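Inspection log for the structure reproduced underneath, given as C-alpha cells.
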Amino acid sequence: MILHWSKKKSITGNKATPYLRSIILLFVFYLPITGVSQTKLNVHGYLTQAFAISDGHQILGIPSTGTSDYRTLALQFRFDLDEASNFVIQLSHKKTGKSPLAVLEKDIALDWAFFQHKFSNQYSIKVGKIQIPFGIYNEVRDVGVLLPFYGLPYAPYGEGGYMSETVDGLSITFMSEDFNPWNFEFSIYAGHWSWSEWFNTKNVFSGALEQQVGIAQIEKGVGGQLVLNTPVDGLRLIAAGQFGRVVDGLSFSENGILGPKNFYDGLLAIDADFEKYFFRSEFLFLALDKTDVQVNAGYAQAGYYFSESFSLNIQGEMFRVNYLTLPPILSKITGKSSFSFDFDIDYAIGFKYNFSSNYTLKLEGHWNKGYLVEEIALSPFQEKAAETLYSILSLSTSF
Amino acid sequence: MSACVAAQSKLNIHGYFSQAFAISQGHQIFGIPEQGTSDYRTMALQFRYDADDQNLIIMQISHERMGKSPIMVLEEGLKLDWAIYQHSFSNGLSFKVGKIQIPFGIFNEIRDVGTLLPFYRVPYASYGEGNYMSETINGISVSYSFFSESGWKIDFTSYLGEWKWIEWAARENPFTQKLTVLVETPQIRNVFGGQWWFNTPVDGLRLGLAGYHGDISGGLSFSEETGIGKENINVFHFSVDYEQTDFFIRSEHTRYFLKENDIFAFSLYGQAGYNIFKGMWLNVQAGTYKAINVPIPLLNIRSDIDYYEDFALGLNYFFSAQLALKLETHWNKSLIVEEKMINFGKDKPFGTNYMILSLSTSF
Amino acid sequence: MKRLVISLLVIIIILPAVFTIAKNKKGYKVVTGTSTNTKSIGKDELSRIFLKKKHKWGDGVRIFPVDLVESRKERTEFSKDIHNKKVSSIKAYWQKQIFTGRGVPPPEKVTDSEVLDYIQQHEGAIGYVSNSTSIENLKIKVITVTDD
C-alpha cells in the first residue's frame, strides 16, 4: 500500500514543546501563594482506553482483528492570572487504531492554548488556539466520561474530517444573566482551522490500494453559535453557523476534484437532559459556493438512566452527500453530471456504567453502512455501500 | 513543586532529566557519531492523580534525543510514555488499563530514569533500544502478590494487548553507493505475557522470570514483501538481582523463539557495581546477543549471527539520590553500527569504542 | 397555680422554636468567616456561588466556595437542597466546565476541619460542614439559608 501526502500540513504537535517547557519552568520556579489567594495553577486530565473490533471491514481505524491502540487522553493546565484572566493549555493524545488519519496523529498534540479575559460576567474574549463552539459536543469531543458512546456521531462531527475542534484565532462570548429563565450564550469567532481528508483509490496499473491523506485549510473562517437555555431545566436549543474559504488538501487544492471553494454551514441542535432520560439531536447543512454540492448530516441520540450508575443509550445517524460532481468519464457514461448518495448510516446501542462521576465503563455495538471502510477502495459512483458491524469496550476516567 | 497545585492535593507531579555528551571512535553507534554529540537526552514529566486509596491515574509525557540515530525520524518532540488507570482491590489484586509499562526484567519499566541506572542506557543485550522490545503495551495488566508476609513474597503481573517495535536498516544503492536508512515499525499483536518476581529471604536478592507470546507482522523483517513474513514469537527472560548498600550484582538472560522460521536468539548480560566511597560507584557490565539459524535470502543460506558484544566500565558520582554524574566507556563489537550497510552472513561485527558523560536528575 | 402558669409560658415560648428547629433540621450548616458581612443567603444565590456564577460578595470581596467530597452525606444533602440536583449531575457540570476550558470546580475537602481551616485562611470563603461540628473559638459563623 502506498501512502501519499498532500504538501501542506498544519500539524501543531511540535509547537507543544515550548509550551511544555514553559509549564516545567512554572513548576521549577515555585509560584508564590499568598495567604489570601487561591492556588493559581490547576491541572486536570482525562483518559479513555478502548478495545475495538469489527466483523469484517476496517472502519474508523477498527480492524477485524481488533485493536487496543484506541485511546484519547488530555492534560490541561489552567493558570488563573487574576480574577478576570486565565491562560489554558491542553495537550492531547489520540490513537485511532489503523485509521488512515493516524499518520497525522502526533503522539502529543497541542489541543488548545489560549488566553481568556472576562470583561464582566457577560462578556469575555479568548485568543489563541481555541475550541470552536459548534453544536452539543464539539468542545468536549474526546471527554469519555461525558459522552454516551466512545466517539461522537460521525454525522456531523466527522473524525477529524470536515470539522475542526479548534480555531487559531479569536472568539468573543456574551452570556445573558442566568437568573432569567430564558438565558442564552452567544459566541462569535474568526480565524484559521483545518479539515483532514482521506481517500482510497486503486492504482490504475497494478490495482494496488493507494491511500491518500491530506489536510485542507480553512482561511478567513468566521462562525457563531447561539445556545438558548429554556425555562425547562435541562432543555436547551443550539444554532450555529460557519463561513470560510477552504483550500488545499485532496479535494480543495488547485488540482483537486473541487478546487478552492467558499463554504458555509449551519447546525441546529436540541439537547434535552433530564433526570431519568436524555434526548439529543443535531442537524448539519453544509454547502460549497459555486457548486451544487451539499452535505446533510444528522443524528438522534437517546438514553435511559436505569439508575444513577447505569444507562442504556441508542443512536442513529446519517451523512448524505448531494450533487457531488461526477468525474468526466463517468458523467459521459451515465449522462449525469452529479450524484447523490448516503456516505454513512450508523445505528448504535450501548450500555454505560458509571462507577463514579469520574470512572465510566461503556460497551457499544454499531451497525454501519457506508463508504467509511478503510481497507478497500470503495467508489460511491460505482459500488454499493459496505455493511460493517463493530464493537467498542472502553474505560473512561477524568480528574 | 507539587505545592504549586496544593489545592489539588491528590495530584503529584514528578519528573526526570538526563543530559549527555557522547562520542565514539570507529563507527557511529546508538546515534553517537565520531565527532560527538550533545543531542543526547531523556526527560519525562509524570502526573499522578490518586483519586482515593483504590483508584489512580498516571500520565507520563517524555522527550528523548539520541543524536544521529536512525530511529530519530520516528521520534517526536514529545510523546506519551504512559496513560494508566489503575484500580486496586482490597485483597491486593490490582489492574491497569491503558498504555502501560510492560513488566519485563529489572529495567524495562525504568528504562530512561537516569538516577536509577548504573549506565546511561539499559543493557542493550536484553532491552534493545526501541528495537525488538517495547517499554509499553496498549492493553491491560493484572497484578497480585502472594505470600506477602513471608520471606518468599511472589509478585506476579500478567498482561494482554499489543505494541510496536522499531526496526531500521541501512541500504546501499549499488550504483551510487549512497546510503538510505529505512525505519519501520512491526506490530506485535495478541500479546499475552507475564512477569514473576521471587523475593527471597536473603535481603536484597530476588529472582525474576518473565515471558510473552505474540504475533509479529509488518516492518522490515516481518512483512511479506521485504522480510520473512508474519511470525509467532515466544520470549523467556530470567533475572537475578542482588542489591546491597555498597554493591550490586545483576544478570539477565533472554531467549527468543520465532516459530515459523525456526529462528532462535539469546542474550545475556552481567552487571556489577561497588560503592568505592560515599557517593562514588564503580560499575562494570558485559553483554552479548546472538541469533541462530537466521535466513539470509541474498545468499540463500541460514547463518548464526554474533550480533552484539559490549563491555563497559563506568564511574558514577551521586551528589544526592536525585542528582548523579556518570562517565562511562564501552568497548563494542556488533552489527548495529549505523553509518554503513550491514551484509548479514558476510560481515563480521565491527569494533567501536564510545564514551558517554551524563548528568541525571529527578524530582 | 403559679407553677402551672410558668410551665405553660415556658412551653409556649419554647414550642415554636422546637418546631422551627425540627422543620429546618438539616445535616449541614453553611459557614463563612466572621469578616464576611452576610448573615443570610438565598438558596439560589448560594447555588450560583458554588457553581461559580457569582464571584463577589456585596462589598466587593471575592467569594471562595469550598465543597466537601462526593462521598460525604452532607454533600449529597447540600446538592439536593441547594442545587436541586444530584452530586453526579454537578460533577458532570464541572467536567464540562473544565474540559471546555471555562472553569474549575471549588476545592473539595474530606473533613470538616479542612473546610474550616480553608475558610479561616481565605477571606470571603464559604462552605458547609456537619451540623454537629463545633465552630467554637474559631473565626467562623453560621449563616442562614433562606428559601428564595
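Of everything in the range C:120-148, what is of a type outside the set (Gly, Ala, Ser) and either more than 14 Å from the chain's Cα centre (by Cα) or within 12 Å of another protein chain (Cβ to nearest Cβ) (or both)? Give them in sequence order.
Let us first name the residues in the range C:120-148 that are of a type outside the set (Gly, Ala, Ser), namely C:120-123, C:126, C:128-129, C:131, C:133, C:135-148.
Within the range C:120-148, C:Gln120, C:Gln121, C:His122, C:Glu123, C:Glu136, C:Asn137, C:Leu138, C:Lys139, C:Asp148 meet the criteria.
Does B:Ser303 qualify as being of a type in the set (S, T, N, Q) and surrounded by fewer than 14 Cβ atoms within 10 Å (Cβ to Cβ)?
Numbers: of a type in the set (S, T, N, Q): yes; surrounded by fewer than 14 Cβ atoms within 10 Å (Cβ to Cβ): no.
It is false that B:Ser303 is of a type in the set (S, T, N, Q) and surrounded by fewer than 14 Cβ atoms within 10 Å (Cβ to Cβ).
Of all residues in the range A:368-385, which are in a loop (DSSP other than H, G, I, E, B), over 20 Å from the mean Cα position of the chain (by Cα) and under 18 Å from A:Phe339 (Cβ atoms)? Write out each step before concluding.
Within the range A:368-385, the first condition is being in a loop (DSSP other than H, G, I, E, B), and the residues that meet it are A:371-372, A:374-385.
Filter once more, keeping what is over 20 Å from the mean Cα position of the chain (by Cα): A:375-385.
Answer for the range A:368-385, where residues must be in a loop (DSSP other than H, G, I, E, B), over 20 Å from the mean Cα position of the chain (by Cα) and under 18 Å from A:Phe339 (Cβ atoms): A:Ala377, A:Leu378, A:Ser379, A:Pro380, A:Phe381, A:Gln382, A:Glu383, A:Lys384, A:Ala385.
With within 26 Å of A:Leu73 (Cβ to Cβ) and either in contact (Cβ under 8 Å) with a residue 60 or more places away in the chain or of a type in the set (S, T, N, Q) (or both) as the only criterion, which of A:Phe149, A:Phe114 stands out?
Numbers: A:Phe114 fails: either in contact (Cβ under 8 Å) with a residue 60 or more places away in the chain or of a type in the set (S, T, N, Q) (or both).
Going through A:Phe149, A:Phe114 in turn, the sole match is A:Phe149.
State which residue is surrounded by the fewest Cβ atoms within 10 Å (Cβ to Cβ) when the search covers only the range B:319-363 and only residues that are free of Cβ contacts under 8 Å to residues at least 40 places away in the same chain and under 20 Å from B:Phe277 (Cα atoms).
Checked the range B:319-363; the qualifying residue surrounded by the fewest Cβ atoms within 10 Å (Cβ to Cβ) is B:Ser320.
Kindly indicate whether any position in the range C:117-135 is closer than 30 Å to A:Gly144 by Cα, out of contact with any helix residue (DSSP H, G or I) (no Cβ under 8 Å at 6 or more places or on another chain) and either modelled with pLDDT of 95 or more or polar (S, T, N, Q) (or both).
The answer is no; no qualifying residue exists.
If we only count strands (runs of 3 or more DSSP E) wholly inside the range B:179-278, which ones have 3 or more residues that are within 30 Å of B:Ala321 (Cβ to Cβ)? Break it down stepwise before answering.
Details: elements: B:179-184, B:187-199, B:205-217, B:231-243, B:247-258, B:263-277.
Counting at least 3 such residues, we get B:187-199, B:205-217, B:231-243, B:247-258, B:263-277.
Determine whether the range A:279-296 contains at least one residue that is at pLDDT below 95, within 30 Å of A:Glu177 (Cα to Cα) and among the aromatic types (Phe, Trp, Tyr).
no
Considering only residues that are crowded, with 17+ Cβ neighbours inside 10 Å and of a type in the set (Val, Ile, Thr), which ones fall in the range C:101-128?
C:Val104, C:Val115, C:Ile119, C:Ile126
Take C:Phe78 and tell me if it is away from chain A (no Cβ under 12 Å), surrounded by 21 or more Cβ atoms within 10 Å (Cβ to Cβ) and over 21 Å from A:Val145 (Cα atoms).
Details: away from chain A (no Cβ under 12 Å): yes; surrounded by 21 or more Cβ atoms within 10 Å (Cβ to Cβ): yes; over 21 Å from A:Val145 (Cα atoms): yes.
For C:Phe78, the condition - away from chain A (no Cβ under 12 Å), surrounded by 21 or more Cβ atoms within 10 Å (Cβ to Cβ) and over 21 Å from A:Val145 (Cα atoms) - is met.
With the condition kept exactly as written, say whether any residue in the range A:328-342 is in contact with a Gly (Cβ under 7 Å, 6 or more places away or on another chain), within 14 Å of A:Ala155 (Cα to Cα) and either in contact (Cβ under 8 Å) with a residue 40 or more places away in the chain or among the polar types (S, T, N, Q) (or both).
Initially, the range A:328-342 is screened for residues in contact with a Gly (Cβ under 7 Å, 6 or more places away or on another chain), giving A:342.
Within this subset, residues satisfying the condition of being within 14 Å of A:Ala155 (Cα to Cα) are A:342.
Right, trim to either in contact (Cβ under 8 Å) with a residue 40 or more places away in the chain or among the polar types (S, T, N, Q) (or both) and you get A:342.
Checked against the condition, which is being in contact with a Gly (Cβ under 7 Å, 6 or more places away or on another chain), within 14 Å of A:Ala155 (Cα to Cα) and either in contact (Cβ under 8 Å) with a residue 40 or more places away in the chain or among the polar types (S, T, N, Q) (or both), the range A:328-342 yields at least one hit.
Here are some conditions: (1) modelled with pLDDT under 95; (2) within 14 Å of chain A (Cβ to nearest Cβ); (3) not in a loop (DSSP other than H, G, I, E, B). B:Ser145 meets all but one. Which one does it not meet?
The one condition B:Ser145 does not meet is (2).
Checking B:Glu338 against (1) acidic (Asp, Glu); (2) touching a helix residue (DSSP H, G or I) at 6+ places or on another chain (Cβ under 7 Å); (3) in a strand (DSSP E or B); (4) at pLDDT below 95, which single condition isn't satisfied?
(3)
One residue is enough: does the range B:1-15 have a residue meeting the conditions closer than 24 Å to A:Val103 by Cα, free of Cβ contacts under 8 Å to residues at least 40 places away in the same chain, surrounded by 20 or more Cβ atoms within 10 Å (Cβ to Cβ) and not hydroxyl-bearing (Ser, Thr, Tyr)? Please lay out each step first, then the result.
Within the range B:1-15, the subset closer than 24 Å to A:Val103 by Cα is none.
No, that holds for no residue.
Here's a check for you: in the range A:107-135, which residue that is closer than 19 Å to A:Met163 by Cβ and within 14 Å of chain B (Cβ to nearest Cβ) is surrounded by the fewest Cβ atoms within 10 Å (Cβ to Cβ)?
Within the range A:107-135, the match that is surrounded by the fewest Cβ atoms within 10 Å (Cβ to Cβ) is A:Ala109.
I'm trying to understand the selection: among the residues of the range B:73-89, which are in contact (Cβ under 8 Å) with a residue 40 or more places away in the chain and among the polar types (S, T, N, Q)? Steps first, answer last, please.
First pass over the range B:73-89, keeping only residues in contact (Cβ under 8 Å) with a residue 40 or more places away in the chain: B:73-74, B:81-82.
Those that are in contact (Cβ under 8 Å) with a residue 40 or more places away in the chain and among the polar types (S, T, N, Q): none in the range B:73-89.
Can you confirm whether A:Val232 is away from every other protein chain (no Cβ under 14 Å) and of a type in the set (A, V, I, L, M)? Please lay out each step first, then the result.
Values: away from every other protein chain (no Cβ under 14 Å): no; of a type in the set (A, V, I, L, M): yes.
Answer is no for this residue.
Can you say whether A:Ser64 is within 14 Å of chain B (Cβ to nearest Cβ) and either touching a residue at least 60 places away in the same chain (Cβ under 8 Å) or surrounded by fewer than 23 Cβ atoms within 10 Å (Cβ to Cβ) (or both), as far as the supplied structure shows? Break it down into steps so the answer makes sense when it comes.
Details: within 14 Å of chain B (Cβ to nearest Cβ): yes; either touching a residue at least 60 places away in the same chain (Cβ under 8 Å) or surrounded by fewer than 23 Cβ atoms within 10 Å (Cβ to Cβ) (or both): yes.
Answer is yes for this residue.
Does any residue in the range C:86-106 that is within 7 Å of chain A (Cβ to nearest Cβ) and without any contact (Cβ under 8 Å) to a residue 24 or more places away in the chain come within less than 7 Å, Cβ to Cβ, of a residue that is assigned to a loop (DSSP other than H, G, I, E, B) and of a type in the set (Ser, Thr, Tyr) six or more places away or on a different chain, and which pairs are these?
C:Ser88/A:Ser357; C:Lys91/A:Ser357; C:Ala92/A:Ser357
Anything in the range B:236-253 that is modelled with pLDDT of 95 or more and in contact with a Gly (Cβ under 8 Å, 6 or more places away or on another chain)? List them, or say none.
Looking only at the range B:236-253, we keep the residues that are modelled with pLDDT of 95 or more, and these are B:236-242, B:248-253.
Within the range B:236-253, B:Phe236, B:His237, B:Phe238, B:Ser239, B:Val240, B:Asp241, B:Tyr242, B:Phe248, B:Ile249, B:Arg250, B:Ser251, B:Glu252 qualify.
Scan the range B:177-196 and give yes if some residue there is closer than 30 Å to B:Phe318 by Cα, of a type in the set (Val, Ile, Thr) and under 20 Å from the mean Cα position of the chain (by Cα), otherwise no. Break it down stepwise before answering.
Let us first name the residues in the range B:177-196 that are closer than 30 Å to B:Phe318 by Cα, namely none.
No - not one qualifying residue is present in the range B:177-196.
Answer yes or no as to whether A:Phe87 is in contact (Cβ under 8 Å) with a residue 24 or more places away in the chain and within 11 Å of chain B (Cβ to nearest Cβ). If you could, list the steps in order and put the result at the bottom.
On the way: in contact (Cβ under 8 Å) with a residue 24 or more places away in the chain: yes; within 11 Å of chain B (Cβ to nearest Cβ): no.
Taking the combined requirement at face value, the residue does not satisfy it.
Being part of a loop (DSSP other than H, G, I, E, B) and aromatic (Phe, Trp, Tyr) is the filter here; which residues of the range A:139-188 pass it?
Filtering the range A:139-188 down to residues part of a loop (DSSP other than H, G, I, E, B) leaves A:141-143, A:147-153, A:158-165, A:176-182.
A:Phe149, A:Tyr150, A:Tyr162, A:Phe179, A:Trp182, listed by residue number.
Looking at the range C:52-72, is at least one residue small (Gly, Ala, Ser), more than 22 Å from A:Ser398 (Cα to Cα) and without any contact (Cβ under 8 Å) to a residue 40 or more places away in the chain?
yes
Looking at A:Phe27, A:Phe77, A:Phe114, which one is modelled with pLDDT of 90 or more and more than 20 Å from the chain's Cα centre (by Cα)? I'd like the intermediate steps shown before the answer.
Details: A:Phe27 fails: modelled with pLDDT of 90 or more; A:Phe114 fails: more than 20 Å from the chain's Cα centre (by Cα).
Result of the check over A:Phe27, A:Phe77, A:Phe114: A:Phe77.
The values are calculated or read from the model by the stated rules, or taken from the named source; none is laboratory data. Everything quoted here is computed from the prediction, not taken from an experiment. Neighbour counts run over all protein chains shown; Cβ positions are idealised from the backbone, glycine included.
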